[in-house]
Structures are given as C-alpha cells and as structure tokens.
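What follows draws every value from the coordinates through simple rules; no lab data is involved. Please read all numbers here as calculations on a predicted model, not as lab measurements. Every residue, glycine among them, receives a Cβ derived from its backbone with ideal geometry; neighbour counts consider all protein chains shown.
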Amino acid sequence: MVNIFSTPQQGVKIHKLIKAPENYSYNLERKMSWDGNKPATVYVTPELTKEGKPCKAATVILRTKGCHWWWNSGCTFCGYFNDTRDDVTLDNLLQQWNYSKSKLNNFEDVEMIKVYTSGSLLEDREIPIEFQELVLKETNLLGKHLVVESRTEQLTSKKLSWAKKLNSNFTVAIGLEAHDDEVLKFHINKGFSLKSWHRAIEQLQKYNLRIKTYLMFKPPFMSEGEALKQCVKWVKSVVLVSDEISINPMNIQKGTIIDRLYRHGDYRPPWLWSLVELIKQSHDFIYSDGKKISRLIVHPTAAGKPRGAHNCGKCDSEVAAAIERYSVSGNLNEFDYLKCECHERWKQEIFSDQNLPIPIGVGLNRRASIKNMFELF
Ligand code: SF4
Ligand SMILES: [Zn+2]
C-alpha cells in the first residue's frame, strides 16, 4: 500500500493513487506518447456561416492539459482526457498552432475556424493567457469567424471585455447538456448549475457574442422515452437565447462512467429514430411562424456503431444521413421516405418507457433477435 504521508513526493493527487481507468499504466503511457507539438487533429468540414450561407470551416483540436473540471471530478460521459497531456506548455501550443496553419494553407480556404481544447479556451488554468490572446487576435486579423468552447464560470464580464477588444465577433459554444439542475447534478455531474449558465448567457448577450448551446441526448440513468421527452423540453428552453443548438447523442467514450454502465448492460446508446422524432417535435420551436429562431444541428458521432446512436443495422446509414442533411437544410422532408421494420420496435420501446415505472427503461440489445436475447437468461 502506498503511504502518502511518508512519501517524499509532494502534492500527489488522490486520483493518481486510485486505479481509475485513466490512470492505468497503459493509459498513462499512451497519453505521454502524444507529440506535444502537434494538435490532436485538424480538418475541414462544410458549414453554414452565421448568415446561413454554405462555407468551409477548419476545426483545430489542440493537445492541451484538458479541462480543469475533469482534474477535480469530470462529467460522466466525457472521454476528452484520452486526448490530453499533463505537461503541455505555451511553446507546445504555439507549435501546434503553426502546424495547423501550415497544414491548412494559413486558413485561406475557410471562413470559420473552430479552436477546441478538450476544455475551455478562455480558462487561464488550462490555457496560457498569451495563447488565448494569440488565437483571438490572429483569427480577427485573418477576418475569419472564430468558434471556441467554454464552461460557464469563465464567461465573466472581465474576461469577455478583454476578449472582445482582441476579437470583436466570435461564437462561444457552451456544453450545457441539459436544461435541468437535477440532470446536471445527478446524471451528468456537470459541476455547474442553470444559475451559472444564465449568468454566462447574460454576459455573452451583453457583449453581443454568438451563442451555441450543446445539449446531450440520453444522459446516463435515463430511459430512451424519458430522454426524448426531456430533450424536446430543453430545446424549447434554450431556443430563444441560442443562435445554434447542437444536440450530441450519447456515444460511449473509453474509460468513462457511461462506458462502465454500457459494458455492464445498464445503458444503451440512443436510437437514431429517437433523433428523428426529437427533430420533428422541436422543429416548430426552431421555426416559429416560418421565421428561423435558431439552427438545430444533430450530429450523431459514431452513428450506426454499437457505441454510437444506432438502429437495427440495416437502416442506420440512411437514417443517419437524413439527420445530417436536416442539420444543413432545416427541412423535415428529409425524413419522408425513411422506412424500416425496426421502427415499430422503437415505437414500442418509447411507449413502454413513457408508461411503465422502469426508471432506466426497457431497452434491450437492438441488434439481436428477441428470441436470442431471452435465451441468454
Ligand atoms: S466540462 Fe466539458 S471538457 Fe470538462 S469534463 Fe465536462 S464535458 Fe469534459
Ligand atoms: Zn432498421
């Protein structure tokens, strides 16, 4: 047993002494094998400008120290720690930024640059202030729209007035996940409340910055039917203050709490049909009296795979493609001709979840036949 009081090493964090999956030796070795001078990934995707015109966007995911909330506790589904390195310095970040610029032709072919850090770009404990300044300034000078991600506590008047002087117009994406304090606390372990989110929104509005809100579809300890009901409500609650709402259907990332639940058979990632239904039920809040209030983006990561949102296996690619198309077109006709026999099974599951007293739902393995599943018992 390690005696933490007699060890000469000072300041050993408790999570280093407990064998949480992220501290298994092979995970630590993997982390330290990342090249601190290269970003985690850099790519270009089609996007829409803030005026709604098609454009190209660069996404730069930097290799950083990760999120300060993760150092203390962390959200139940977040696997970003897999991409981080504890010892990343300012110099490393500068090298990563230069690498990204040279890889993407100095961002000449894109109109938008998304700079993600597996945490919050504007958090001084995670990202050196000099680097925050550089990103804000350079994207402004290049005349590209910047998108950054942030938790709520960094979005103070002091921070935003400083940032606004360096870059007059950028988007801040907040991972709110759920517009419900109970879900934030007990299902997600978000580490901030709706009160803190409202304060952040007030500040962003005061400084006239664009707001993107991430919502999570189907957090842990929630049935499929309940997730559908709740998520429609959350979209309605955030629509008036969000320029964009991005729904993240749960996908299972390694070493997380949701991973343990999933491997134990206590959690199933969402159905793609539920996402179609969510869009259909939310569409009227997004377009009120024909006027577009916000943009609804649903992007199922690992769609069709067992660890991502999936259906029966036969219809997945078609349904996922229609969902992706809706995020750009905003047109419900995208779903007109989708058909599969698993739709009936999904409907029954939603009905049971919403009518039977089973808190985590009746969802079974949707890729196995009912007969095979019962033979297991
Ligand atoms: S706040 Fe974001 S980055 Fe931090 S642990 Fe939660 S999901 Fe991960
Ligand atoms: Zn199907």
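Between the residues 352, 178, 239, the greatest Cα displacement towards the positive end of the dipole of the chain, with unit charges on the Cβ of Lys, Arg, Asp and Glu, is found for 178.
What pairs in 164/206; 159/206; 31/305; 212/236 have C-alpha atoms more than 18 Å from each other?
Values: 164/206 11 Å; 159/206 12 Å; 31/305 25 Å; 212/236 14 Å.
Listed pairs above 18 Å: 31/305.
Highest mean packing comes first when the peptides 153-165, 65-77 are listed by Cβ atoms within 10 Å, giving 65-77, 153-165. Classify region 181-228 as rounded, prolate or oblate from the Cα gyration tensor: take a ≥ b ≥ c as the square roots of its eigenvalues, call it rounded if a/c is under 1.5, otherwise prolate when a/b beats b/c and oblate if not. Prolate, because a/c is 1.5 or more and a/b exceeds b/c. Hydrophobic, long helices, defined as DSSP H runs whose alpha-carbon span along the helix axis is 15 Å or greater and whose mean Kyte-Doolittle value is at least -1.0, occur in the chain at 129-142, 224-238, 272-286, 316-329. Distant-in-sequence amide contacts of residue 216, defined by a placed amide H-H separation under 5 Å and a gap of 5 or more residues or a different chain, comprise 177, 178, 248. Panel note: the C-alpha atoms of region 154-199, placed on their principal axes, show extents of 38, 17, 13 Å (largest first).
When 293, 61 are sorted by how many other C-beta atoms sit within 10 angstrom of their C-beta, beginning with the fewest, the order is 293, 61.
Quick one: of 38/144; 103/314; 50/233, which pairs are farther than 29 Å apart, Cα to Cα?
Values: 38/144 22 Å; 103/314 38 Å; 50/233 25 Å.
Listed pairs above 29 Å: 103/314.
Using a/c under 1.5 as the rounded threshold, could you call region 236-275 rounded, prolate or oblate? The axes a ≥ b ≥ c are square roots of the C-alpha gyration tensor eigenvalues, and prolate needs a/b larger than b/c, oblate otherwise. Verdict is prolate for region 236-275.
Just check the chain against the gyration tensor rule for me: Cα atoms, a ≥ b ≥ c as the square roots of the eigenvalues, rounded for a/c under 1.5, and otherwise prolate or oblate depending on whether a/b exceeds b/c.
Cα axes put the chain in the oblate bin.
Taking Cα centre as origin and charging only the Cβ of basic (Lys, Arg, +1) and acidic (Asp, Glu, -1) residues, the dipole magnitude of the chain rounds to 320 debye.
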